[in-house]
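Novice: Dropping the structure in here first, questions after.
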Protein chains: 2
Amino acid sequence: MTTNHQIHLDNRPTGEAVASNFKLVVSDTPALQDGQVLVRHHFMSLDPYMRGRMNESKSYAVPQPLGAVMQGGTVGEIVESRHAKYAVGDKVVGFGGWQEYSVVDASVPGAVKKVDTTHVPLSAYLGAVGMPGVTAWYGLVKIIAPKAGDTVVITAASGAVGSAFGALAKVRGCRVVGIAGGADKCRYVTEELGFDACIDYKQHTDARAMSQALKEACPQGIDGYFENVGGYIFDAVLTRINAFGRIALCGMIAGYDGLPMPLANPAAILINRLKIEGFIVSEHMEVWPEALAELGGLVASGKLKPRESVAQGIAAAPQAFLGLLKGKNFGKQLVKLI
Amino acid sequence: MTTNHQIHLDNRPTGEAVASNFKLVVSDTPALQDGQVLVRHHFMSLDPYMRGRMNESKSYAVPQPLGAVMQGGTVGEIVESRHAKYAVGDKVVGFGGWQEYSVVDASVPGAVKKVDTTHVPLSAYLGAVGMPGVTAWYGLVKIIAPKAGDTVVITAASGAVGSAFGALAKVRGCRVVGIAGGADKCRYVTEELGFDACIDYKQHTDARAMSQALKEACPQGIDGYFENVGGYIFDAVLTRINAFGRIALCGMIAGYDGLPMPLANPAAILINRLKIEGFIVSEHMEVWPEALAELGGLVASGKLKPRESVAQGIAAAPQAFLGLLKGKNFGKQLVKLI
């Protein structure tokens with residue numbers, strides 16, 4: 001038995017999510033059954049999709065249950081094992097949730113997976129070499145499917161998905177343009193992540209201004225767009241997109257807080273004969289091995305150097321999550337638990 | 001030399017299109033050069049896409065030139081030929097425009113094509129066995145790609161695209177639900193075109209009411225949607241569409257008159273992991289032979305009995321066209337010229 005601090009969803013947001021939606025709970029880990037392992041989490045992941053699951057209404061996943069541990073990805077170390085294939089000290093990635101320890105049925109496929117930390121840091125398995133990285137990979141490779149010379153654009157460019165997207169697109173010979181909030185993030189996106197240009201949305205606060213900025217950053221127009229914000233930036237992109245452009249839609253942070261964000265001119269989809277596809281990467285498990293192999297290689301070789309925002313301790317998770325929803329993080333948002 | 005009445009685009013609409021945008025012009029047909037044929041048009045086609053081309057702004061085609069004959073599809077008969085492969089009396093389909101006669105370079109591929117009127121009436125080559133039919137075919141077969149048992153929905157169901165869509169979807173074992181304006185059209189859609197249900201949008205004039213009507217007409221939700229109107233109906237469909245739904249976007253009449261029609265909740269595209277694709281059938285010529293073969297078979301066998309709205313004489317074309325934009329036609333809108 002080990003003391004375990006957890007964050008539960010206590011009540012659902014009405015409108016904007018707030019700290020009082022969450023509750024810190026202390027319990028003891030249960031004794032292990034045969035086939036189970038006890039994982040001590042080193043890091044837990046905070047991701048925008050979690051906001052959608054806090055709602056009761058129809059979203060792309062079963063809602064997060066009330067009075068239960070917030071669900072989410074984790075990386076950690078086996079500290080007790082009753083499964084023959086896992087030993088104490090093994091580093092694993094899993095879906096342990098917002099808590100310090102999790103008890104996992106290791107024989108359930110995908111519940112826990114050993115990872116190699118020789119060339120890739122453990123935390124990267126929650127970011128560039130995890131769900132966000134594969135999200136970028138799927139949107140770029142399977143939906144946008146760019147050819148060399150295409151111009152591709154992504155919002156939240158300094159984040160976990162954005163940084164992976166940039167590295168993957170550069171490898172494919174694209175012009176990559178990011179959109180991020182603030183001069184610091186934009187500098188990071190171009191200087192450290194290697195994007196060709198980055199637009200500061202805080203300096204371009206409506207569709208008209210953003211459209212003008214996109215015109216300058218994308219002199220050949222936009223061939224592919226990875227949408228994970230929504231709102232006026234999407235509208236602006238539709239004014240600069242080329243015929244037969246492709247749009248991957250994954251996460252519309254701006255719309256999660258209950259207020260729908262309208263799309264001003266959907267006729268542009270027809271006029272430009274666009275393809276738009278919404279996706280959730282967990283529904284495309286068949287691509288994960290190929291995607292993770294490429295992403296792991298990019299991290300190991302230093303071509304992808306993702307930044308992390310690290311909050312310390314389980315109690316800091318709710319505020320870090322609320323900050324993420326407002327774009328206060330800089331790079332992949334993690335909570336460090338050791 | 002034959003006297004030829006033509007309708008020119010005289011000036012571009014500012015907002016709604018009006019009759020004074022057009023001008024009736026009388027001229028003589030020129031003497032034929034080698035390789036040319038003179039076609040006497042029996043019918044000309046009026047189509048919603050023509051409204052988009054009247055604008056100078058970016059649309060999916062080169063704008064209709066000012067001071068020139070309005071472009072559009074025609075069927076007719078060769079009355080003079082200086083091309084070895086075409087004889088006087090041949091029935092042909094082409095793109096002769098809003099005029100009584102056209103002179104065509106018959107050696108240009110696709111400029112003029114002989115058609116067989118044994119089992120298919122000549123006018124059908126402008127509708128069910130022409131561009132509108134292939135439009136329905138492409139959207140259904142290539143984008144929506146339904147399996148038997150899927151529920152598919154189309155707006156403007158009583159029109160040329162809608163009627164073909166219904167027949168094609170029934171053959172594939174779908175539940176087909178139409179949306180049309182008025183009790184007469186809805187009765188025609190279910191009783192004569194064989195749709196499973198039809199919703200009268202004049203009785204459901206906002207997204208909430210339309211959503212409720214769709215719920216009743218589509219008890220298993222919507223798997224595929226053919227969008228050619230835009231506006232609140234699109235919003236309502238997004239409230240009833242199933243996960244992994246497919247939307248074919250071809251023509252948004254409601255938006256052509258210069259006023260963009262916003263899409264209220266694009267986040268639904270993500271939440272339901274939809275695929276949306278805008279298309280113009282003239283860019284997919286590779287599918288025409290297969291599509292026309294199926295459509296011709298449906299018409300010849302009586303499984304597709306499309307209705308026509310026929311205006312008489314070239315001078316009636318502008319008013320018939322403006323009526324089409326307001327949904328006043330009932331079935332494929334034609335102008336009869338003989």
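Novice: How far is the Cα center of segment B:139-198 from the Cα center of segment A:1-45, in Å?
Specialist: 50
Novice: Still on this structure: Calculate how large, on average over all directions, the projected area of the Cα convex hull of segment A:131-282 is; give the answer in nm² to one decimal.
Specialist: Values: hull surface 32.2 nm².
Seen from a random direction, the Cα hull of segment A:131-282 projects 8.1 nm² on average.
Novice: Separation of segment A:300-322 and segment B:60-106 by C-alpha centroid, Å?
Specialist: So the two Cα centres are separated by 66 Å.
Novice: Based on the Cβ-Cβ distance from A:Ser107 to A:Ser301, what FRET efficiency comes out when R0 is 35 Å, to the nearest 0.05? Don't jump to the answer; show the numbers that get you there.
Specialist: On the way: r = 34 Å, r/R0 = 0.98.
Working from the Cβ atoms, E equals 0.50.
Novice: Using the Karplus curve 6.51 cos²θ - 1.76 cosθ + 1.60 with θ = phi - 60°, work out ³J(HN,Hα) for each residue of segment A:177-194 in order, rounded to whole Hz, and write x for Gly and Pro.
Specialist: Result, ordered by residue: 10, x, 10, 8, x, x, 5, 4, 5, 5, 4, 4, 4, 7, 7, 9, 8, x Hz.
Novice: Let me ask something else about it. Just rank B:Phe279, A:Phe226, A:Phe244, fewest to most, by other beta-carbon atoms within 10 angstrom.
Specialist: Least to most surrounded, the residues fall as A:Phe244, B:Phe279, A:Phe226.
Novice: Shifting gears a bit: Okay, helix-only estimate at 222 nm for the protein assembly as shown: each DSSP H run of n ≥ 4 adds -39500 (n - 2.57), divide by all residues, round to 500 deg cm²/dmol; what do you get?
Specialist: Rounded to the nearest 500, it is -6500 deg cm²/dmol.
Novice: Based on the Kirkwood radius over alpha-carbon pairs, what is the Stokes-Einstein translational diffusion coefficient of chain A at 37 °C with 0.692 mPa s viscosity, in µm²/s? All intermediate terms of the calculation are to be shown ahead of the outcome.
Specialist: On the way: Rh = 20.5 Å.
Here the translational diffusion coefficient equals 160 µm²/s.
Novice: Quick one: of the DSSP bridges fully inside the protein assembly as shown, what percent are antiparallel, nearest 5? Display every interim value, and only then the final one.
Specialist: Values: 66 of 117 bridges.
DSSP beta bridges in the protein assembly as shown are roughly 55 percent antiparallel.
Novice: Rounded to the nearest 20 Debye, what is the dipole magnitude of segment B:131-282 about its Cα centre when Lys and Arg each give +1 and Asp and Glu each give -1 at the C-beta?
Specialist: Roughly 420 debye for segment B:131-282.
Novice: Based on the mean of other Cβ atoms within 10 Å per residue, sort peptides A:4-16, B:94-106, A:21-33 so the most packed one is first.
Specialist: B:94-106, A:4-16, A:21-33
Novice: So for A:Thr2, B:Thr135, fewest C-beta neighbours within 10 Å to most, what's the order?
Specialist: Fewest-to-most Cβ neighbours within 10 Å comes out as A:Thr2, B:Thr135.
Novice: Sorted by packing (mean other beta-carbon atoms within 10 Å per residue), highest first, where do A:108-120, B:71-83 land? Walk me through the numbers before you get to the answer.
Specialist: On the way: A:108-120: 13.2, B:71-83: 20.2.
Put in order of decreasing packing, that is B:71-83, A:108-120.
Novice: Whose amide H sits under 5 Å from the amide H of A:Lys23, counting only residues 5 or more places off or on another chain, with H placed in the peptide plane?
Specialist: A:His8, A:Asp10
Novice: Now a separate question. How far, in nm to one decimal, is B:Gly149 from itself in the other copies if the label point is set 7 angstrom along Cα toward Cβ? Shortest first, please.
Specialist: Going from nearest to farthest copy, the values are 4.7 nm.
Novice: On to the next question. Counting only C-alpha contacts under 8 Å and six or more residues apart, can you give the relative contact order of segment B:131-282 as a whole percent?
Specialist: On the way: 311 pairs, mean separation 33.9, N = 152.
22 percent.
Novice: Same structure again: Mean separation of Cα pairs under 8 Å and 6+ residues apart, divided by the residue count of chain A: what relative contact order is that in percent?
Specialist: Result for chain A is 18 percent.
Novice: Next question, about the same structure. Evaluate peptide A:243-249: per residue, the Cβ atoms of other protein chains within 10 Å of its Cβ; return the mean as an integer.
Specialist: 3
Novice: Convert each backbone phi in segment A:134-145 into a coupling constant with the Karplus relation 6.51 cos²θ - 1.76 cosθ + 1.60 (shift: θ = phi - 60°), then list the ³J(HN,Hα) values in order as whole Hz, x for Gly and Pro.
Specialist: Here the 3J(HN,Hα) series is 5, 4, 4, 4, 4, x, 6, 7, 8, 9, 6, 6 Hz.
Novice: For segment A:327-338, what does the Karplus curve 6.51 cos²θ - 1.76 cosθ + 1.60, with θ = phi - 60°, yield as ³J(HN,Hα) per residue in whole Hz, taken in order and with x for Gly and Pro?
Specialist: Karplus-based 3J(HN,Hα) across segment A:327-338 equals x, 7, 6, 9, x, 4, 8, 10, 10, 8, 10, 10 Hz.
Novice: Putting +1 on Lys and Arg Cβ atoms and -1 on Asp and Glu Cβ atoms, find which of A:Gly230, A:Ala243, A:Ile280 reaches farthest to the positive end of the dipole of segment A:198-338.
Specialist: A:Gly230
Novice: Still on this structure, please answer the following. If you take every DSSP beta bridge fully contained in segment A:131-282, what fraction is antiparallel? Give it as a percent rounded to 5.
Specialist: Of the beta bridges lying entirely in segment A:131-282, close to 0 percent run antiparallel.
Novice: Once amide H atoms are placed 1.01 Å from N in the peptide plane, what residues at a sequence separation of 5 or more from B:Ala156, or on another chain, have their amide H within under 5 Å of its amide H?
Specialist: Under 5 Å from the amide H of B:Ala156 lie the amide H atoms of B:Ile179, each far enough along the sequence or on another chain.
Novice: Here is a further query. Fewest Cβ neighbours within 10 Å first, please rank A:Leu38, B:Leu270 accordingly.
Specialist: Fewest-to-most Cβ neighbours within 10 Å comes out as A:Leu38, B:Leu270.
Novice: On average, how many beta carbons from a partner chain sit within 10 Å of the beta carbon of a residue in A:276-289?
Specialist: Values: counts 10, 8, 14, 5, 4, 0, 0, 3, 1, 0, 0, 0, 0, 0.
Averaged over the peptide's residues, the number is 3.
Novice: Moving to a separate point now. Tell me the Rg and the Dmax, in Å, that the Cα atoms of the protein assembly as shown produce.
Specialist: Over the protein assembly as shown's Cα set, Rg and Dmax evaluate to 29.3, 101 Å.
Novice: Among bridges DSSP assigns within chain B, what percent are antiparallel (round to 5)?
Specialist: Here the share of antiparallel DSSP bridges comes out near 55 percent.
Novice: Give me the percent relative contact order of segment B:94-183, please, defined on Cα pairs under 8 angstrom at least 6 residues apart. Don't jump to the answer; show the numbers that get you there.
Specialist: Working: 100 pairs, mean separation 20.4, N = 90.
Dividing the mean separation by the residue count of segment B:94-183 yields 23 percent.
Novice: Taking amide H positions as placed in the peptide plane 1.01 Å from N, state which residues far from A:Ala311 in sequence (5 or more) or on other chains have amide H under 5 Å from it.
Specialist: A:Leu334, A:Val335, A:Lys336
Novice: Mind checking the dipole of chain B: about its Cα centre, +1 per Lys or Arg Cβ, -1 per Asp or Glu Cβ, Debye to the nearest 20? Don't skip to the end; give the middle numbers.
Specialist: Values: 32 positive and 30 negative charges, 114 e Å.
Roughly 540 debye, rounded to the nearest 20.
Values in this text are rule-based calculations from the coordinates and carry no lab data. Bear in mind that the values here come from a model prediction, so they are computed numbers and not experimental data. Virtual Cβ from ideal backbone geometry, glycine too; neighbours counted across all protein chains shown.
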